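The values are calculated or read from the model by the stated rules, or taken from the named source; none is laboratory data. Keep in mind that what you see is a predicted model, and the values were worked out from it rather than measured. Glycine also receives a Cβ, built like all others from the backbone with ideal geometry; neighbour counts cover every protein chain displayed. Just so you know, the surface numbers come from the protein's heavy atoms only, side chains and all, with ligands and any DNA or RNA stripped out. Shrake-Rupley method; radii C 1.70, N 1.55, O 1.52, S 1.80 Å.
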Amino acid sequence: MDALVSLVSIRNLVKTYQRGPEKIEVLHGIDLDIPRGDFVCLMGPSGSGKTTLLNLIGGLDSPTSGQIDFDGKRIDQMSSSKLTQWRANHIGFIFQSYNLLPMLSALKNVELPLLLTKLTAAQRRHNAEIALQLVGLKDRIKHKPSELSGGQQQRVAIARAIVSDPQLLVCDEPTGDLDRKSADEILSLLTQLNQEHGKSIIMVTHDPKAAEYAKRIVRLDKGTLVAASA
Amino acid sequence: MKYFSLIWASLFRRKTRTILTLLSIIVAFMLFGLLQAVNQAFNGGADSADADRLITNSRYSIIDMLPVAYQRQIESVPGVKAVAFASWFGGSYQDKPAQFAVFPVVPDEYLKIAPELQVSPQTLAAWKADRTGAVVGEALAKRMHWKVGDKVPLQADIWPQKDGSLTWTFDIVGTFHNTKDKANGDSALLFRYDYFDEARQYGQGTIGWFLVKIDDRRHAGSVGKAIDALFANSDHETKTQTEQVFAQGFAKQFGDIALIVSAILGAVFFAILVLTGNTMSQALRERIPELGILKTLGFSNRAVWWLVLLESLLLAILGAVLGLLLAVFAIGAMKSMLTGFGITEVGWRVVAEGLFFACLLGLLVGFAPALQAMRLKIVDALKA
Ligand SMILES: Nc1ncnc2c1ncn2[C@@H]1O[C@H](COP(=O)(O)OP(=O)(O)O)[C@@H](O)[C@H]1O
Ligand SMILES: [Mg+2]
């Protein structure tokens, strides 16, 4: 695939963790392209490096060597503060455990990323309400996370991920803690975001059913991409 | 400030714990306000004392009397501008020892040397026209509900009248305002020395102490020595000090209040430091994944540092403001009981000091957690 049409283009990516005196290479030279509008599912056994790869793509961590281009810009060499800004503008994160702030209402949680923008309080609120409406939680905006079901909390997290209109959604086992029905709702929502709103998505999952929602699957085993299937 | 609601919500993330910590900070700062008010009352005399005013009293005991004739001799000492005198009357009012100072003085002389006592010309004229007239501090008049024209009977304990009567009745002719000493001076009653001297049973021609105004405060030591030298080896030797030294010595009779107060407050501050520090570091530990999320969403390391530090400052300042307010109200409520001791209010200086200590507390307690939060790596934080 051509790097020019790719949103994300990864070349020979290596990640080594230092654990005490030991160095452990977790990713051994990954090459991967994610075209715009893709919905790619990353599968593989536990400990194979899926989260590590997602964190590098999302700019939460920096690679040991190799290259990551995002929208034609190299992010592997960005300074930590540049990367922080870049993340806020380009990536939405969705985690297995929702990671909402428990003391804030759904609305305030969704507003969080907007605190970093120049928007006024009214605009922030307006945008957050639209995002919550999109995930079907318009009537729950005042609820704290503890007053919401797991599926609802994950929808708040999705609203938070899309509120600043990022190009790529990075999802690490988003349905891992959910029952089948809630999981299907979340996956339909992600599909809708991908098809109707043009969000590119990379999602890690263990669930073959979840993988069916994706356009393609890539498999990681012991730090190496083994096969891609369409 | 758009981050305020986030900081506020983080602070009250664990309501019970935060409220308990807040309560102890409130109590600590209330104690601070109350004790500092006491401390200030005891040192207030020294602060408002004039450095170019000396006090000459009997060398061996401040209750020994001195001959009034010394006045002219002291006036002749080089460097002395003016001399006035006063005496301790004491007495009881309404069967209780008077909770205010009562001094017989010569009106013109005394007011000239104590310009901080402001008396209107009408009042002064009325006082000079009325031998049994007295002027009282504004605060005292207000507290006792005395009006001009009232007759105030005091029961003497040291000074019976010639006819054996213990009751001295004064006509209130007006009030004075003390520009310097809000705590104490407003609560005095001054009456006329000529009336006192003529009516008292014994002790004619003697007074309690002289107030000596000097040209230059830098000469206080040498002028004082010259005065005391005049009366060396006489029946009534004297001791002359600046008013400041005198007031400090007076306060020291009650023990070194300032030292005791500092020791107590030091211990309290330390306890609060440990307690609040513990709360903040515990709060931080519980919140590591949340801080990781904030960073994930694009909050910079520095922003996270500020969030944590401001939270700690908010806790300390909130507690201090509430505690100091309580101290202000407590002293206001007990005012009538406390003014006798010169304690009238929690001054602005005490409030400012309190807020300074609150900021210090907030910074000390917040610094380490803020640093920890700032250095947190996202991948580690999210795993916690
Ligand atoms: N911060 C870290 N320090 C050291 N080792 C790590 C760290 N993060 C992950 N690892 C190790 O890297 C390997 C891959 O982890 P991870 O990417 O989380 O796998 P997956 O998400 O596929 O389960 C594991 O062996 C894990 O123990
Ligand atoms: Mg993982």
Those GluC sites (Glu not before Pro) from region A:156-224 that are DSSP loop and have at most 15 other Cβ neighbours within 10 Å turn out to be A:212
If one compares the long axis through the Cα atoms of helix A:80-90 with the longest principal axis of the Cα atoms of chain A, the angle in degrees, nearest 10, works out at 60 degrees
Might you report the magnitude of the Cβ-based charge dipole of region B:168-239 about its Cα centre, with Lys and Arg at +1 and Asp and Glu at -1, to the nearest 20 debye? 360 debye
Checked region A:36-105 against the a/c 1.5 cut and the a/b vs b/c comparison, axes a ≥ b ≥ c from its Cα gyration tensor; verdict oblate
When the Cα atoms of chain B are enclosed in a convex hull and the volume is divided per residue, what value in Å³ results? 173 Å³
Positive dipole terminus of region A:3-229, leading residue within A:220, A:189, A:46 (C-beta point charges): A:189
For residue A:50, which lysines qualify as cross-link partners when the Cα separation must be under 29 Å and same-chain residues fewer than eight apart are set aside? A:15, A:23, A:73, A:82, A:181, A:199, A:209, A:215, A:222, B:295, B:377, B:383
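For chain A, what is the charge dipole size about the Cα centre, in debye to the nearest 20, if Lys and Arg each add +1 at the Cβ and Asp and Glu each add -1 at the Cβ?
Computed about the Cα centre, the dipole is about 540 debye.
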Tell me which aspartates and glutamates have Cα within less than 15 Å of residue B:151's Cα, excluding those fewer than 8 residues away on the same chain? B:130, B:171
Folded to 0 to 90 degrees: helix B:220-230 orientation relative to chain B principal axis, Cα: 30 degrees
Expected output for region B:1-44, residues with a loss of 10 Å² or more in accessible area relative to the chain alone at probe 1.4 Å, reads B:2, B:3, B:5, B:6, B:9, B:10, B:13
State whether region A:107-230 is rounded, prolate or oblate according to the following rule on the C-alpha gyration tensor (a ≥ b ≥ c being the square roots of its eigenvalues): a/c under 1.5 gives rounded; otherwise a/b larger than b/c gives prolate, and the remaining case gives oblate. prolate
Using the basic label-point model (7 angstrom from Cα toward the beta carbon), what is the residue A:212 to residue A:142 distance in nanometres? 4.0 nm
Inter-centroid distance (Cα atoms) of region B:356-378 relative to region A:23-47, Å: 38 Å
Where Lys and Arg each count +1 and Asp and Glu each count -1, what net charge lies around residue B:192 among other residues with Cβ under 14 Å from its Cβ? -4
Using alpha carbon centroids, what distance separates region A:77-145 and region A:152-230, in Å? 18 Å
Helix A:121-134 sits off the longest principal axis of the Cα atoms of chain A, rounded to the nearest 10 on a 0 to 90 degree scale, by 80 degrees
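Total accessible area buried between chains B and A, 1.4 Å probe, in Å² to the nearest 100?
Interface area, both chains combined: 1900 Å², rounded to the nearest 100.
Taking trypsin sites (Lys or Arg not before Pro) that fall in a DSSP loop and have at most 12 other Cβ atoms within 10 Å as cut points, what is the longest piece of chain B between them?
The segment B:163-384 is the longest one with no such site.
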Equivalent ellipsoid semi-axes - Cα gyration tensor, region A:3-229, angstrom: 29, 20, 17
At 222 nm, what value in deg cm²/dmol follows for the protein assembly as shown if DSSP H runs of at least 4 each add -39500 (n - 2.57) and the sum is divided by all its residues, to the nearest 500? -14500 deg cm²/dmol
The lysines whose Cα lies under 16 Å from the Cα of residue A:144, excluding any fewer than 8 residues away in the same chain, are A:108, B:15
Where in region B:109-148 does the label zone of residue B:180 land, with the point 7 angstrom along Cα→C-beta and an amide N cut-off under 14 Å? B:110-118
Using a 1.4 Å probe, what is the accessible area per residue for chain A, in Å²? 44 Å²
Filtered GluC sites (Glu not before Pro), region B:66-125: DSSP coil and at most 10 other beta carbons within 10 Å: none
Where both residues lie in the protein assembly as shown, what percent of DSSP beta bridges are antiparallel, nearest 5? 65 percent
Of the accessible area of the protein assembly as shown, with the probe set at 1.4 angstrom, what percent is carbon plus sulfur? 58 percent
P(r) histogram, all alpha-carbon pairs of the protein assembly as shown included - 20 Å bins from 0, percent: 16, 31, 17, 16, 15, 4, 0
1/(1 + (r/R0)^6) with r = Cβ-Cβ of residue B:120 and residue B:9, R0 = 60 Å, i.e. FRET efficiency to nearest 0.05, evaluates to 0.55
Using the charge dipole of region A:3-229 (Lys, Arg: +1 at Cβ; Asp, Glu: -1 at Cβ; taken about the Cα centre), state which of A:170, A:30, A:141 has its Cα farthest towards the positive end. A:141
For region B:49-252, what is the charge dipole size about the Cα centre, in debye to the nearest 20, if Lys and Arg each add +1 at the Cβ and Asp and Glu each add -1 at the Cβ? 340 debye
Backbone HN-Hα couplings from phi across region B:93-105 [Karplus 6.51/-1.76/1.60, Hz, Gly and Pro as x]: 10, 6, 6, 10, x, 4, 8, 8, 6, 10, 10, x, 9
Near the amide H of residue B:157, under 5 Å away, which other amide H atoms are found, from residues 5 or more places off or on another chain, if H is placed in the peptide plane? B:91, B:92
Rel. contact order, % - alpha carbon contacts under 8 angstrom, at least six apart, chain A: 27 percent
